[in-house]
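The next block holds one structure in the form of structure tokens; read it before the comments.
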Amino acid sequence: MWTRRDILTPFVARVGAGIIFARGRFCAKQETIFETAMISSGNNYPSLDMRANRLTDICVALHRRQALASIEHDLGISPSELRGKLDSLVVEGLVKTSPSGQFLPTFMVITLEDANWMAPSESMVEASGHLIAERLPDIRARAESIAAIHRGGFSRNAFLILSNVLLDNWQIRNVEREFLKAERPSRNGRRYYYGMFEKPASQRAEAFGLYGNAGRMLRNVGLGVYGKQRYDGSTLLSVSKEEFARLFELSAEADAEVEKSALLEHMVAFARTGEDHLSARQRAGLGKLGLFEKGELLVPVFSSAEAQELGEVAALFTPALLGLLERHRAEVGKAHECSPHGEEVTFNEFFIWWYHFFYSATTDWLAHKGLLEVPRSGNATYLIAN
């Protein structure tokens, strides 16, 4: 992961609820794609299908200040058709009209060229890493008091704790509430942050090397994946039904979703009792996914109460994190004002995605210092079940 002092061609990875793939440029050969990301919960997401009707392409073109006539030509649509799509995006709260009459996105579209503005300073990344290192004994002690962490040991779960818990999924609400002091932006009656991130089309991992959290419920078990390759088809979250059937040697008649739900329940029972609840097929399939090795399940299983306790682990770092962010507020504000996004989005909208670049860089600093180890797959899988 790079910082503002060390800008390289971005590698990849992302956050949030899901991915939409779209053409990065209107040309016959697709050179780049855009992933989409949301910070949301419940029913808070666009009511428009951004994958349909080339809406993603339109938003990217607006960010690049492409003339409407040029967009019409590239998409092969009439002025009235484009105007209808723009009107729907305006109603949705994803596009606005500037004082000069120009249509602009109201969310973060981050191209490869834009990434320079999103990189935190090297000194800030080092400061955040040192703040975590200073508090590591207390963080470790509190984390190991949680049975799910104690079972596997802190070292095995350090990536999940020091990155996802301290900085992302269990911390971001504190950052929104205490630093931004605002609710998520309201868009057509729904509240969510939205973003589109460019990356090379050949790249399997997510855009810009960003780490993020994603998950879903299968029956009574929550499946979570944290990392930078959550959607590449190699996780329990993203594996296709066909690939899941192959990995776990299912019969042609088997229902992959039913089998996956049963697998998660067996994983929960195995983790909590140590008894042989996993079949040979299940063990072999999990092994191919890097989740089972030498008779051990490499997946922490939290109860709902333990998942709540992870918030207490995050709280050990919250004051120091907020203090660091406050000391650098003007620096981030300047980056927002000077960037191409200054005319498009609010400081809060800019900051929330800048923050993902920041904590991802901090995670890589911690890994470089040997305080955590990023799994070979780029992801950590965890379960939450009662």
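Listing for the model above:
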| item | result |
| --- | --- |
| Test set (1) surrounded by 13 or more Cβ atoms within 10 Å (Cβ to Cβ); (2) under 30 Å from Arg173 (Cα atoms) - Phe103 fails condition number | (2) |
| Scope the range 224-246; condition under 17 Å from Phe159 (Cβ atoms) and outside any loop (DSSP other than H, G, I, E, B); matching residues | Gly224, Val225, Tyr226, Gly227 |
| Test: Glu265 is at pLDDT 95 or above and open to solvent by 60 Å² or more (accessible area, probe 1.4 Å) | yes |
| Lone qualifier among Ala314, Ala307 - being in contact with a Leu (Cβ under 9 Å, 6 or more places away or on another chain), closer than 29 Å to Gln171 by Cβ and open to solvent by less than 30 Å² (accessible area, probe 1.4 Å) | Ala314 |
| Pairs where the first residue, in the range 323-336, is basic (Lys, Arg) and the second is open to solvent by less than 20 Å² (accessible area, probe 1.4 Å), C-beta under 9 Å, 6+ apart | Arg327/Met124; Arg329/Phe179; Arg329/Phe351 |
| Conditions (1) of a type in the set (Lys, Arg); (2) open to solvent by 40 Å² or more (accessible area, probe 1.4 Å); (3) in contact with a Gly (Cβ under 8 Å, 6 or more places away or on another chain); number of the one not met by Arg191 | (3) |
| Members of the range 130-155 that are β-branched (Val, Ile, Thr) and under 23 Å from Ala269 (Cα atoms) | Ile146, Ile149 |
| Extreme residue, nearest to Ala143 (Cα to Cα), among residues of the range 321-373 that are assigned to a loop (DSSP other than H, G, I, E, B) and open to solvent by 40 Å² or more (accessible area, probe 1.4 Å) | Leu371 |
| Pairs, first under 22 Å from Leu62 (Cβ atoms) and among the aliphatic types (A, V, I, L, M) in the range 189-206, second part of a loop (DSSP other than H, G, I, E, B) and modelled with pLDDT under 95, C-beta under 9 Å, six or more apart | Met196/Ile20; Met196/Ala22; Met196/Met50; Ala201/Phe21; Ala201/Gly24; Ala201/Gln30; Ala201/Glu31 |
| Lone unmet requirement of (1) more than 28 Å from Asn379 (Cα to Cα); (2) modelled with pLDDT of 95 or more for Ala367 | (1) |
| The range 357-381, residues that are touching an Asp or Glu at 6+ places or on another chain (Cβ under 8 Å) and more than 23 Å from Leu289 (Cα to Cα) | Tyr359, Trp365 |
| Spans of helices (runs of 4 or more DSSP H) in the range 256-320 with at least 1 residues aromatic (Phe, Trp, Tyr) and over 22 Å from Lys241 (Cα atoms) | 256-273 |
| Odd one out for Met196 among (1) closer than 26 Å to Pro319 by Cα; (2) in a strand (DSSP E or B) | (1) |
| Residue that is in contact (Cβ under 8 Å) with a residue 24 or more places away in the chain, surrounded by 15 or more Cβ atoms within 10 Å (Cβ to Cβ) and more than 25 Å from the chain's Cα centre (by Cα), where the choices are Phe248, Phe302 | Phe248 |
| When residues of the range 215-238 are limited to those that are out of contact with any helix residue (DSSP H, G or I) (no Cβ under 7 Å at 6 or more places or on another chain) and of a type in the set (D, E, K, R), the one most open to solvent (accessible area, probe 1.4 Å) | Arg216 |
| Residue under evaluation Arg184, criteria (1) open to solvent by 10 Å² or more (accessible area, probe 1.4 Å); (2) on the phi > 0 side of the Ramachandran plot, criterion not met | (2) |
| Elements of type helices (runs of 4 or more DSSP H) in the range 120-179, at least 2 residues being under 17 Å from Leu325 (Cβ atoms), touching a Leu at 6+ places or on another chain (Cβ under 8 Å) and open to solvent by less than 10 Å² (accessible area, probe 1.4 Å) | 122-134 |
| First in the range 173-185 and in contact (Cβ under 8 Å) with a residue 24 or more places away in the chain, second anywhere and among the acidic types (Asp, Glu), Cβ under 9 Å, 6 or more apart | Glu176/Glu183; Phe179/Glu326; Ala182/Glu176; Arg184/Glu176; Pro185/Glu349 |
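Here's the yes/no breakdown for (1) surrounded by fewer than 17 Cβ atoms within 10 Å (Cβ to Cβ); (2) outside any helix (DSSP H, G or I); (3) not β-branched (Val, Ile, Thr):
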site	(1), (2), (3)
Met50	no, yes, yes
Asn53	yes, no, yes
Arg65	yes, yes, yes
Ser70	yes, no, yes
Leu86	no, no, yes
Val91	yes, no, no
Pro99	yes, yes, yes
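The values are calculated or read from the model by the stated rules, or taken from the named source; none is laboratory data. Fair warning: this is a prediction, and the values are worked out from it, not measured in the lab. Glycine also receives a Cβ, built like all others from the backbone with ideal geometry; neighbour counts cover every protein chain displayed. Note: accessible area is taken over every heavy atom of the protein model, side chains too, but ligands, DNA and RNA are not part of it. Shrake-Rupley method; radii C 1.70, N 1.55, O 1.52, S 1.80 Å.
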